[in-house]
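Participant: Below is the structure I would like to discuss, written out as structure tokens.
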Protein chains: 4
Amino acid sequence: MLTSKKIRAAIIGASGYSGAELLRLLSTRDDVEITRVVAGTSAGKKVAELYPVFAGTVDLQYEEFRAEKSENADIAFVALPSGESMKVVPGLLASVGRVIDLGGDFRLLSPELYTQYYKHEHVAQHLLSEAVYGLPELNSQAIADAKLIANPGCYPTSVILALLPALKSGLIKTEHIVVNSLSGVSGAGRSASVELSFTEVNENIKAYKIGNHQHIPEIQTVLEKASGSTISLSFVPHLVPITRGIYTTIHASLDAAVTEAEIRHLYEAFYREAPFVRIRKEIPQIKDVARTNFCDIGMTLLTPTKQIVLTSVIDNLVKGAAGQAVQNMNIMFGLKQTKGLL
Amino acid sequence: MLTSKKIRAAIIGASGYSGAELLRLLSTRDDVEITRVVAGTSAGKKVAELYPVFAGTVDLQYEEFRAEKSENADIAFVALPSGESMKVVPGLLASVGRVIDLGGDFRLLSPELYTQYYKHEHVAQHLLSEAVYGLPELNSQAIADAKLIANPGCYPTSVILALLPALKSGLIKTEHIVVNSLSGVSGAGRSASVELSFTEVNENIKAYKIGNHQHIPEIQTVLEKASGSTISLSFVPHLVPITRGIYTTIHASLDAAVTEAEIRHLYEAFYREAPFVRIRKEIPQIKDVARTNFCDIGMTLLTPTKQIVLTSVIDNLVKGAAGQAVQNMNIMFGLKQTKGLL
Amino acid sequence: MLTSKKIRAAIIGASGYSGAELLRLLSTRDDVEITRVVAGTSAGKKVAELYPVFAGTVDLQYEEFRAEKSENADIAFVALPSGESMKVVPGLLASVGRVIDLGGDFRLLSPELYTQYYKHEHVAQHLLSEAVYGLPELNSQAIADAKLIANPGCYPTSVILALLPALKSGLIKTEHIVVNSLSGVSGAGRSASVELSFTEVNENIKAYKIGNHQHIPEIQTVLEKASGSTISLSFVPHLVPITRGIYTTIHASLDAAVTEAEIRHLYEAFYREAPFVRIRKEIPQIKDVARTNFCDIGMTLLTPTKQIVLTSVIDNLVKGAAGQAVQNMNIMFGLKQTKGLL
Amino acid sequence: MLTSKKIRAAIIGASGYSGAELLRLLSTRDDVEITRVVAGTSAGKKVAELYPVFAGTVDLQYEEFRAEKSENADIAFVALPSGESMKVVPGLLASVGRVIDLGGDFRLLSPELYTQYYKHEHVAQHLLSEAVYGLPELNSQAIADAKLIANPGCYPTSVILALLPALKSGLIKTEHIVVNSLSGVSGAGRSASVELSFTEVNENIKAYKIGNHQHIPEIQTVLEKASGSTISLSFVPHLVPITRGIYTTIHASLDAAVTEAEIRHLYEAFYREAPFVRIRKEIPQIKDVARTNFCDIGMTLLTPTKQIVLTSVIDNLVKGAAGQAVQNMNIMFGLKQTKGLL
């Protein structure tokens, strides 16, 4: 029976922007069936009431989360705030079997580091070592076999993809790495706050959480594990008045005598099998990747200061969240990883 | 003593955008002294904490409102939400003597109409007939003598100034007047809401409160009183992704055989003594008046449909709020009405 | 042979925003093959040079237009500026057979009206009566049989869809119809001008071409033909700082004693078979239709003034241009009209 | 006679954004008389035709530049593109005596460096050593005595003010200084280009001119001269979708064991006499300085990486151009440097 072959997916935390983006990506696929959408405060409402763009195309109603409910699903996407996710993931692993968590609860290996940056205790520490960091360009084999995916953060996706080839090849020094990232406002979620109001954000820019953003240990952990080296990296996030997109600009010191063309060649080789990473000759722009699952990477060698400038762009809601989650789902179910994403 | 001649002004509700705009306009004047700034939820904070733009130039601290406090001021500006204002204005009239209310509590003559549109009872009805509608281009003599000024709403300012000459001269019919207005987001105030968040407002437009906006009876009341006729007018406000500004486009049916040049001449004559109304040959734009107290008005005669299209633009926080309030203050204190506003 | 069944489509004028949107919509379809993309000034460049978003997904090179070239295509989309289109359409009709013109050259029946509004002579007048106005909600049968489709303008699409049911049913009077429309900047095309520069457009709004916009006769012609009545309508377009989207607000006088619910019911019935028109209970917003082929329509009855306010929203590049063109193509080739558009 | 004491100022290149900003700042002063406004392509037009905001307040007409014209002025502001300025400055120095050039022609000491970055020969090389770099916080005494002021670039103003105290005090290492700057679009001037059109810039970000921006040698030259050290600095500018403002984020390595409080104290002491530099406890935002002549500087010490992150914000058209020029004029004429700027 054909319909029995559909992947049945539940979305827990479906009323936020990542949840809505999951709906956009999954609802048009004929090989996926969304079994239920859970959203505490919006329970009882139709999806199209919150997001009228889905009127006529997504006929689902938000439900309250009930842990005891036996999930009739093959996979659960969890798009809850950090701290909430870890409360429901153990149950979902038991009932559903496969979980992709889009939040930060399972991205760090150390519960101490988690508490330091997320400001609360971790209540599902036994799962930290089991979770697979869901960056397909780094971990596709482990993702294929995983039960629990920690879907990467938006900033880390743009930073790690840009730095991985250089760090793994020893091209750059492991210290004095400087990362500036600019994020669109949807990265802050769908919430009521004066700080995120149009009047405050429009015609404005601000750096924030300098030195204490929760994505710092995530970037550090993943890069150190992948490269086998201790690295010294400074990261400053900024809020800019766009809805979607992350722009990351990285300065690193070259540790080898190479040309820009050689660096580009190295990057192209590194990502040869990665359908969503594009090594660009021109400096990439947000609009080149908006509403796509691509990460575009550019590079410029500054001869006078022996620095390499890496620029990378993603859509924070797609490659930085829901798109990457779908890419992970594709891998977990043995599908082509680009399915539904091109 | 020179300082004794300064106008001492208190600002009640100084933490919102209109309050901050009052501070911008008044703090640089050497003939005005701001005696205190009141803001309930921000009491105890410095002005520059909420609005760092004032760091080093405005050294004031928000205070809580205390009715019993004897005000040492010559005038009080009240920039509270509608419904709050009417609770404090009677006391301020007693202690200070002169009050300019930037909210909607004293703009309508009828308490029934007030309750219908503002959804609560009026608790200071005895002041409704005493309040002077503070549109200087209409009421300058009454403003000079007033104790209580009802500072006009932002939409009404743009609509009334555009329609007054045509209605008073009988140029247009009193029915089938259609008004479309577009407002920047600062008009909704400084508040936390998903609806006003950048992500929701950016790249979006919406009409709202069609047929039930509280500025409808204000426009109607003022125009009918000024023209002596009953008018039939439809008003639709829209929210657009700009911070400041109102764009109003009005269609009305001509009731006389006139040329566009004659209409323009009539408008120019009508506003000859009004320093802040500019009759324009080109279609006005928001940027022509942004951060100024001007209202620019354009007009195009549509011969085929015998319609006149009037376009008017203001900055909602200046001519639509704080600037007009200062213009009123100038008139009340016998100053040139442009003082501090050009 | 499976590939022989693909629809082979040529895009003439593929470097502008409508052309790029056609590429976005057609390039992912496995039943369509884009045979060539023509763009005079960009000839020789890869599509991905102008639009890097297509890097890795659209591997086409812009060519110069050569009339003599025998087109190996089943359909040609022409997205040239008005005035250019009529020069190439006759040849394309001969060589390709089926043409969808996204510009204004074949939307009016009268060459005099064309010259009055487009400011140049029509050089292919013999095709004016042959062209079918490509609004599927009005003309689907004629579209199915057409050789030449005049794809509707962006403003007209939003205006006509909102007014058709009311006019055809006699619900509203045919005079005193007032239309205000707000357009995103992509509607002005991809061009170099100070007026369209970010600094001029951002934080600004302006009405323009009041009374002489070329879409006025298009709206008038289509509505009068469809309703069989002479109508008197005023239209004012505005430029607003968003990239995509049209917001149309219409005031009309009711000609019958009806309730809002009855009007809504009439509209729902009228569009029952139209998959891209959604009659909405809430006031529609641009974001509800952005990047979709939907036209959402809302309605509010103003009892005091016996007016109906109709609001309609579309994405100007999709339902207002490329999406509607694809919808027309689907109909012409006997496909489901939603194919590739949901 | 009182009027004879007015400063008579000519503005050469008055039709661009910096020129218009000069008009905004100078036209309201009663101690300054604008003698003429020169603008080649707009000659013959009224200022208010290009900038209707000045209707009724600035009644001046653009003139063509004529070198032979004996200037009846005390000072000339030159706001021409780089390359044009150097052609007229020698003549203006002779006829007017004092010149403030807002472009880049006189900011570098070396004609070779000029040619390398500006891509044309310098035709007034004899003035390079005579010109005073007009950063009042660095050079106020020399400015007071100068005939020719090279008004600093927008990026350099934000970068140099942030780095000066740290470099002059030896607080930071002179190598591995990384500067990321984000600029509003008005910094690119008032020009017609697809790249600067709203549709391209909105919802987009891009880095540009990595490693070859003409402000790199300016920053380097000024900082090395002021600190007496050779420095190694990388600078990446970005274009962001705001109209006004520059956001600069700097990473540098500490060369001393200091606390954040000590660094802040050092900065406060350094700028004690500078009325337009504010050392901030919070991270500064663009809106804190928009339309002001302030430069706000924040600092965060990153203990793990021994880096100091400096953030600085200015309005590119005010402190980054016209405001700083007026500040320089004030100093040159013995006025309080804040006159007309607070």
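Participant: Considering every residue within region C:81-102, establish whether at least one is in contact with a Lys or Arg (Cβ under 6 Å, 6 or more places away or on another chain), over 24 Å from C:C154 (Cβ atoms) and either within 14 Å of chain A (Cβ to nearest Cβ) or among the small types (G, A, S) (or both).
Facilitator: no
Participant: Cβ-Cβ below 8 Å, separation at least six or inter-chain, first residue in region C:249-275 and free of Cβ contacts under 8 Å to residues at least 60 places away in the same chain, second charged (D, E, K, R): which pairs?
Facilitator: What qualifies is C:R264/C:K281.
Participant: Can you name every residue in region D:304-318 that is more than 8 Å from chain A (Cβ to nearest Cβ) and closer than 27 Å to D:A257 by Cβ?
Facilitator: Listed by number, the residues that qualify are D:K306, D:I308, D:L310, D:S312.
Participant: Also: Out of (1) basic (K, R); (2) buried (at least 24 other Cβ atoms within 10 Å of the Cβ); (3) touching a Pro at 6+ places or on another chain (Cβ under 9 Å), what's the single condition that is false for D:K206?
Facilitator: Condition (2) is where D:K206 drops out.
Participant: Next question, about the same structure. Name every residue in region A:18-29 that is within 13 Å of chain C (Cβ to nearest Cβ) and either at pLDDT below 95 or within 17 Å of C:R291 (Cβ to Cβ) (or both), in order of residue number.
Facilitator: Our first condition is that a residue be within 13 Å of chain C (Cβ to nearest Cβ); within region A:18-29, this holds for A:20-21, A:24, A:27-29.
Within region A:18-29, A:A20, A:E21, A:R24, A:S27, A:T28 qualify.
Participant: Looking at (1) more than 17 Å from A:N151 (Cβ to Cβ); (2) at pLDDT 95 or above, can you tell me which one A:E71 breaks?
Facilitator: Only one criterion in (1) more than 17 Å from A:N151 (Cβ to Cβ); (2) at pLDDT 95 or above is unmet by A:E71, namely (2).
Participant: Now for a separate question. Filter region D:232-243 for residues that are touching an Asp or Glu at 6+ places or on another chain (Cβ under 9 Å) and within 15 Å of A:H251 (Cβ to Cβ); which is nearest to the other protein chains (Cβ to nearest Cβ)?
Facilitator: D:S232
Participant: Looking only at residues in region C:114-165 that are polar (S, T, N, Q) and in contact with a Cys (Cβ under 8 Å, 6 or more places away or on another chain), which one is farthest from C:I75 (Cα to Cα)? Let's see the steps before the verdict.
Facilitator: Keep residues of region C:114-165 that are polar (S, T, N, Q), which gives C:115-116, C:125, C:129, C:139-141, C:151, C:157-158.
Next cut, in contact with a Cys (Cβ under 8 Å, 6 or more places away or on another chain) only: C:157-158.
Values: C:T157: 22, C:S158: 26 Å.
Per the criteria, the residue is C:S158.
Participant: Here's a follow-up. Any residue in region C:81-88 that is modelled with pLDDT under 95, under 20 Å from the mean Cα position of the chain (by Cα) and of a type in the set (G, A, S)?
Facilitator: yes
Participant: May I pose another question? What strands (runs of 3 or more DSSP E) completely inside region D:240-342 contain at least 2 residues that are farther than 30 Å from D:A20 by Cβ and outside the structural domain of D:S27 (by TED's automatic domain parsing)?
Facilitator: Numbers: elements: D:246-253, D:277-279, D:295-302, D:307-314.
Of the strands (runs of 3 or more DSSP E) lying wholly inside region D:240-342, those with at least 2 residues that are farther than 30 Å from D:A20 by Cβ and outside the structural domain of D:S27 (by TED's automatic domain parsing) span D:246-253, D:295-302, D:307-314.
Participant: Yes or no: D:D288 at the interface with another protein chain (Cβ under 8 Å from one of its Cβ atoms), within 16 Å of the chain's Cα centre (by Cα) and either on the phi < 0 side of the Ramachandran plot or aromatic (F, W, Y) (or both)? First the steps, then the outcome.
Facilitator: Numbers: at the interface with another protein chain (Cβ under 8 Å from one of its Cβ atoms): yes; within 16 Å of the chain's Cα centre (by Cα): no; either on the phi < 0 side of the Ramachandran plot or aromatic (F, W, Y) (or both): yes.
Criteria not met by D:D288.
Participant: Here is a further query. Go through the residues of region B:154-170 one by one and say whether even a single one is in contact (Cβ under 8 Å) with a residue 12 or more places away in the chain and part of a strand (DSSP E or B). It would help to see each step written out before you state the result.
Facilitator: The initial filter retains those residues of region B:154-170 that are in contact (Cβ under 8 Å) with a residue 12 or more places away in the chain, namely B:154-170.
Add one more test, that the residue is part of a strand (DSSP E or B), and what stays is none.
Scanning region B:154-170, I find no residue that is in contact (Cβ under 8 Å) with a residue 12 or more places away in the chain and part of a strand (DSSP E or B), so the answer is no.
Participant: Here are the criteria: (1) farther than 18 Å from D:L102 by Cα; (2) within 14 Å of chain B (Cβ to nearest Cβ); (3) in contact with a Lys or Arg (Cβ under 8 Å, 6 or more places away or on another chain). Tell me which single one D:N293 does not satisfy.
Facilitator: (1)
Participant: From the list D:L93, D:L163, D:L182, which one is outside the structural domain of D:D296 (by TED's automatic domain parsing) and on the phi < 0 side of the Ramachandran plot?
Facilitator: D:L93
Participant: Let me ask something additional. Could you list, in sequence order, all residues of region C:198-225 that are in a loop (DSSP other than H, G, I, E, B) and either more than 12 Å from chain D (Cβ to nearest Cβ) or of a type in the set (V, I, T) (or both)?
Facilitator: To start, the set of residues in region C:198-225 that are in a loop (DSSP other than H, G, I, E, B) comprises C:202-205, C:208-214.
Correct list: C:I205, C:Y208, C:K209, C:I210, C:G211, C:N212, C:H213, C:Q214.
Participant: Report yes if some residue within region C:179-190 is closer than 20 Å to C:P81 by Cβ, touching a residue at least 60 places away in the same chain (Cβ under 8 Å) and hydroxyl-bearing (S, T, Y); otherwise report no.
Facilitator: First, pick out the residues of region C:179-190 that are closer than 20 Å to C:P81 by Cβ: C:183-190.
Narrowing further to those that are touching a residue at least 60 places away in the same chain (Cβ under 8 Å): C:183-184, C:186-187, C:189-190.
Those left that are additionally hydroxyl-bearing (S, T, Y): C:183, C:186.
Looking through region C:179-190, at least one residue is closer than 20 Å to C:P81 by Cβ, touching a residue at least 60 places away in the same chain (Cβ under 8 Å) and hydroxyl-bearing (S, T, Y).
Participant: Among the residues of region D:105-135, how many are crowded, with 22+ Cβ neighbours inside 10 Å and out of contact with any strand residue (DSSP E or B) (no Cβ under 8 Å at 6 or more places or on another chain)?
Facilitator: 3
Participant: If you don't mind, there's one more thing I want to ask. Test D:S186 against the criterion of being more than 23 Å from the chain's Cα centre (by Cα), closer than 30 Å to D:L127 by Cβ and either within 14 Å of chain C (Cβ to nearest Cβ) or of a type in the set (S, T, Y) (or both), and give yes or no. Lay out the reasoning, then the answer.
Facilitator: On the way: more than 23 Å from the chain's Cα centre (by Cα): no; closer than 30 Å to D:L127 by Cβ: yes; either within 14 Å of chain C (Cβ to nearest Cβ) or of a type in the set (S, T, Y) (or both): yes.
Here the answer is no, as D:S186 does not meet what is asked.
Participant: Okay, next question. Being farther than 30 Å from C:V201 by Cα and buried (at least 16 other Cβ atoms within 10 Å of the Cβ) is true for just one of D:R244, D:R264, D:R272. Which residue is that?
Facilitator: Details: D:R244 fails: farther than 30 Å from C:V201 by Cα; D:R272 fails: buried (at least 16 other Cβ atoms within 10 Å of the Cβ).
That would be D:R264, the only listed residue that is farther than 30 Å from C:V201 by Cα and buried (at least 16 other Cβ atoms within 10 Å of the Cβ).
Participant: May I pose another question? Working carefully through the options D:I279, D:I263, D:I246, find the one that is among the β-branched types (V, I, T) and within 14 Å of chain B (Cβ to nearest Cβ).
Facilitator: Numbers: D:I263 fails: within 14 Å of chain B (Cβ to nearest Cβ); D:I246 fails: within 14 Å of chain B (Cβ to nearest Cβ).
Result of the check over D:I279, D:I263, D:I246: D:I279.
Participant: Within region A:180-187, is even one residue in a loop (DSSP other than H, G, I, E, B), among the small types (G, A, S) and buried (at least 18 other Cβ atoms within 10 Å of the Cβ)?
Facilitator: Checked against the condition, which is being in a loop (DSSP other than H, G, I, E, B), among the small types (G, A, S) and buried (at least 18 other Cβ atoms within 10 Å of the Cβ), region A:180-187 yields at least one hit.
The values are calculated or read from the model by the stated rules, or taken from the named source; none is laboratory data. What you are looking at is a predicted structure, and each value in this text was computed from that prediction instead of being measured. Using ideal geometry, Cβ is built from the backbone for each residue, glycine included, and neighbour counts are taken over all protein chains shown.
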